[in-house]
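Take a look at the structure set out below.
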Amino acid sequence: MPFDPHPTADVSVRPAVPGDERAIAAVQLGAWRAAYTDSLGAGALTMLDEAAVVDRWRAAITTPPSRTFHVLVAMAGPRLVGFVSVAPVPAPPNATDQAPGGILLALEVAPAEQRAGHGSRLLAAAVDTLRSDGADQVITWVADGDEARVRFLAGAGLSPDGAARELASGPGPDGEQTVLREHRWAALI
């Protein structure tokens with residue numbers, strides 16, 4: 001085989017298919033453990049039920065809640081290395097001149113595969129998918145302390161819009177409830 005001075009990477013983004021759910025769950029749990037151990041504590045992350053996460057992704061892939069709910073996966077050759085899920089956000093009631101938006105429900109890349117362009121490819125594919133479904137904007141939520149996600153989203157043109165929320169977990173191993181504060185980020189697409 002002759003030497004190619006401009007080789008192309010064997011990477012892609014495609015819709016998730018049945019059978020991807022285990023790899024998606026593994027990426028999600030690995031990414032969460034890498035990103036949120038300090039803010040949520042190792043105990044809370046250890047308590048996550050991997051089988052339940054797999055079941056939720058199986059349902060999302062095989063019986064999505066609507067035709068505009070999508071799960072896309074990033075591939076590096078034959079390996080699933082990341083995923084994104086998107087859904088519509090209806091226009092506010094009585095807003096006749098506002099198109100619906102879309103939400104990035106999850107975007108995760110396996111920790112060992114981060115900073116290789118997979119997240120950018122997933123985000124671009126998610127935005128294209130949302131646009132094709134009629135969305136004119138995208139939102140997502142970012143947990144306090146997730147500086148890598150803040151840098152990634154800011155570099156992609158999203159910014160905080162001032163909205164915030166707090167999510168509470170059930171009691172952890174020490175009996176204390178963990179609260180995670182998130183800020184909404186948005187951009188026109």
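The values are calculated or read from the model by the stated rules, or taken from the named source; none is laboratory data. Here the structure is a predicted model, which is why all the values come from computation and not from measurement. Positions of Cβ are generated from backbone atoms using ideal geometry, with glycine treated the same way; all protein chains shown enter the neighbour counts.
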So which residues in the stretch 116-164 are acidic (Asp, Glu), closer than 19 Å to Ala16 by Cβ and in contact (Cβ under 8 Å) with a residue 60 or more places away in the chain, if there are any at all?
Asp133
Filter the stretch 158-189 for residues that are aliphatic (A, V, I, L, M) and farther than 24 Å from Ala126 by Cα; the one that is modelled with the highest pLDDT is Leu167
Would you check if there is a residue in the stretch 130-151 being at pLDDT below 95, touching a Pro at 6+ places or on another chain (Cβ under 8 Å), closer than 18 Å to Ala106 by Cβ and not in a helix (DSSP H, G or I)?
yes
Of the conditions (1) small (Gly, Ala, Ser); (2) at pLDDT 95 or above; (3) in contact with a strand residue (DSSP E or B) (Cβ under 9 Å, 6 or more places away or on another chain), the single one that Ser66 does not satisfy is (2)
Of all residues in the stretch 35-56, which are modelled with pLDDT under 90 and either under 17 Å from the mean Cα position of the chain (by Cα) or among the basic types (Lys, Arg) (or both)?
Ala35, Tyr36
Candidate set from the stretch 39-89 (those that are touching an Asp or Glu at 6+ places or on another chain (Cβ under 7 Å) and hydrophobic (A, V, I, L, M, F, W, C)); member that is surrounded by the most Cβ atoms within 10 Å (Cβ to Cβ):
Phe83
Which is within 24 Å of Thr37 (Cα to Cα) and among the hydroxyl-bearing types (Ser, Thr, Tyr), of Thr140, Thr68?
Thr140
Any idea how many residues of the stretch 130-158 are among the polar types (S, T, N, Q) and either touching a strand residue (DSSP E or B) at 6+ places or on another chain (Cβ under 9 Å) or at positive phi (or both)?
2
